[in-house]
Amino acid sequence: MDRNKTIIKTSIIGIVTNILLASFKAAVGIISGSIAIVLDAVNNLSDALSSVITIIGTKLAGKEPDKKHPLGYGRIEYLSAAMISVIVLYAGITSFVESIKKIISPEKPSYQTASLIIIAVAVVVKIVLGTYVKKVGEKVNSESLVASGQDAKLDSVISAATLLAAIIFLASGVSLEAYLAAVISIVIIKAGLEMLRDNLSLILGERVDFELSSEIKKTIASFPEVQGAYDLLLHNYGPDRYIGSVHIEVPEDITIYRLDQLQREIAAKVYEEHGVAIEGISIYSQNSDSSAAGKLRNSIAKSILSKYDTVKQIHGFYLDETKNIVAFDMVVSFKESNREKLHDDVISELKSVYPEYSFQINLDRDFSD
């Protein structure tokens, strides 16, 4: 089934279920005078609104690219998930305010058997709904559905706590409604903040999944001429929508014709196997180990990698024997706090060992390693 259709269908199921639950809970809460149940009903309505936003976000994200947004609208899904987080956060804050009012001016609830049965049923329904929605969200890589599923499972805990408060009241006459509602509100606020944090992180742009980057590099390195794949950089334009670039190292004697053919084959194979569009492939020429450049590369790599813990690798090695210029890329870990000092220290050390050369070092980040 089409991804967007799956998301919309799942969201519609969530809307219908939450509206029915909200209606029953609101009626029970008003009749029994239970603030916790009424707040639980309001929370169900916010869940229904979340599903509506998911549908709208999915529709907008599916729009075809245009002149203003040539890479499409996929990131709207992250925005819709962030909006759902804000709704959850707002519901938690509103509930907390109302709970404090009830603590200051308490009212004793009046429960009936029917109301307790409805709450118990709601617990089961929310567990099933939350598990289903989250599972579908993970399957189709939809942050909005995952957020809705997490929220629904949280609701099941809230409803269970409400049911427990009712049982305690019936058994002992002690009303914990307002205090329970306050605790529920804090849990909702915490969940909303965590969901908002996670989705803002996606909007800012997160590091690509290590497994995906490793598999892509393996695919690229599967071609006999490719001696290494480096600097894989993937840009996320929505769930499962990546565009990227990579550097490859090839033998120094490869022909231009074969190189052009190789780039096309790599791009096609990566897209076919991983759904990632490689739009740029840069070339490094690999020197043989027996050549002057190869021997110098191995010597420098050994000395640098053994001394500097935050240097992960060097590649793209180039030696101009006429001008005595040595150039290469040096991949530096994000743990390195002073990149400029590291750069200067490496060059200073290399010049002391190889005074006849001038060095040009390009500092790379380990974007995908």
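The values are calculated or read from the model by the stated rules, or taken from the named source; none is laboratory data. Note that the structure is predicted; figures quoted are calculated from it, not measured. For neighbour counting, all protein chains shown are included, and Cβ atoms are generated from backbone atoms with ideal geometry for every residue, glycine included.
The single condition among (1) under 36 Å from the mean Cα position of the chain (by Cα); (2) more than 20 Å from Gly294 (Cα to Cα); (3) modelled with pLDDT of 90 or more; (4) of a type outside the set (A, V, I, L, M) that Phe328 does not satisfy is (2). Which condition number in (1) outside the structural domain of His235 (by TED's automatic domain parsing); (2) among the hydroxyl-bearing types (Ser, Thr, Tyr); (3) surrounded by 12 or more Cβ atoms within 10 Å (Cβ to Cβ) is the one that Ser337 fails? Evaluating Ser337 over (1) outside the structural domain of His235 (by TED's automatic domain parsing); (2) among the hydroxyl-bearing types (Ser, Thr, Tyr); (3) surrounded by 12 or more Cβ atoms within 10 Å (Cβ to Cβ) leaves (3) as the failure.
Here is a yes/no grid of residues against (1) modelled with pLDDT under 85; (2) out of contact with any strand residue (DSSP E or B) (no Cβ under 6 Å at 6 or more places or on another chain); (3) part of a loop (DSSP other than H, G, I, E, B):
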position	(1), (2), (3)
Ile186	no, yes, no
Glu206	yes, yes, yes
Leu232	no, no, no
Pro239	yes, yes, yes
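Here the condition is being at pLDDT 85 or above and not in a helix (DSSP H, G or I); of Gly74, Gly57, it holds for Gly74 alone.
Which condition number does Asp155 fail, the rest of (1) within 19 Å of Ile53 (Cβ to Cβ); (2) modelled with pLDDT of 80 or more being met? Condition (2) is where Asp155 drops out. Screening the candidates Lys67, Lys108, Lys9, Lys101 for the property of being surrounded by fewer than 17 Cβ atoms within 10 Å (Cβ to Cβ), out of contact with any Asp or Glu (no Cβ under 8 Å at 6 or more places or on another chain), without any contact (Cβ under 8 Å) to a residue 60 or more places away in the chain and in a loop (DSSP other than H, G, I, E, B) yields one hit, Lys67. If the condition is being farther than 13 Å from Ala191 by Cα and crowded, with 18+ Cβ neighbours inside 10 Å, then region 147-175 contributes Ser156, Ser159, Ala161, Thr162, Leu163, Ala165, Ala166, Phe169, Ser175.
Just one of the listed residues (Ser285, Ser245) is in contact with a Leu (Cβ under 6 Å, 6 or more places away or on another chain) and modelled with pLDDT under 95, namely Ser245. Residues satisfying the criterion are present in region 112-129 (criterion: over 16 Å from the mean Cα position of the chain (by Cα), outside any helix (DSSP H, G or I), closer than 19 Å to Ile168 by Cβ and at pLDDT below 85). Highlighted here are the strands (runs of 3 or more DSSP E) found entirely within region 242-344 that include at least 2 residues which are within 30 Å of Arg75 (Cβ to Cβ) and of a type in the set (A, V, I, L, M): 242-251, 276-286, 325-332.
Would region 44-58 turn up any residue that is touching a residue at least 24 places away in the same chain (Cβ under 8 Å), touching a Lys or Arg at 6+ places or on another chain (Cβ under 8 Å) and over 30 Å from Ile278 (Cα atoms)?
Let us first name the residues in region 44-58 that are touching a residue at least 24 places away in the same chain (Cβ under 8 Å), namely 44-58.
Among the residues that remain, those that are also touching a Lys or Arg at 6+ places or on another chain (Cβ under 8 Å) are: 44.
From what's left, over 30 Å from Ile278 (Cα atoms): 44.
Taking every residue of region 44-58 in turn, at least one turns out to be touching a residue at least 24 places away in the same chain (Cβ under 8 Å), touching a Lys or Arg at 6+ places or on another chain (Cβ under 8 Å) and over 30 Å from Ile278 (Cα atoms).
Annotation note: of Val174, Val226, the sole residue that is modelled with pLDDT under 85 and among the β-branched types (Val, Ile, Thr) is Val174. Among the numbered conditions (1) surrounded by fewer than 21 Cβ atoms within 10 Å (Cβ to Cβ); (2) farther than 19 Å from Tyr132 by Cβ; (3) of a type in the set (A, V, I, L, M, F, W, C), the only one that Ala61 does not meet is (1). Within region 314-333, the residues that satisfy the criterion of being crowded, with 17+ Cβ neighbours inside 10 Å and without any contact (Cβ under 8 Å) to a residue 40 or more places away in the chain are Ile314, Phe317, Leu319, Val326, Phe328, Met330, Val332.
Screening region 170-184 for residues that are in a helix (DSSP H, G or I) and touching a residue at least 24 places away in the same chain (Cβ under 8 Å) and picking the one that is farthest from Leu79 (Cα to Cα) gives Leu170.
For region 261-306, a residue qualifies if it is free of Cβ contacts under 8 Å to residues at least 12 places away in the same chain and either within 30 Å of Asn236 (Cβ to Cβ) or surrounded by fewer than 12 Cβ atoms within 10 Å (Cβ to Cβ) (or both), and the qualifying residues are Gln261, Arg264, Ala268, Tyr271, Glu272, Asp289, Ser290, Lys302, Ser306.
Filtering region 199-221 down to residues that are of a type outside the set (A, V, I, L, M, F, W, C) and free of Cβ contacts under 8 Å to residues at least 12 places away in the same chain, which residue is nearest to Leu262 (Cα to Cα)? If we take residues in region 199-221 being of a type outside the set (A, V, I, L, M, F, W, C) and free of Cβ contacts under 8 Å to residues at least 12 places away in the same chain, then Lys218 is nearest to Leu262 (Cα to Cα).
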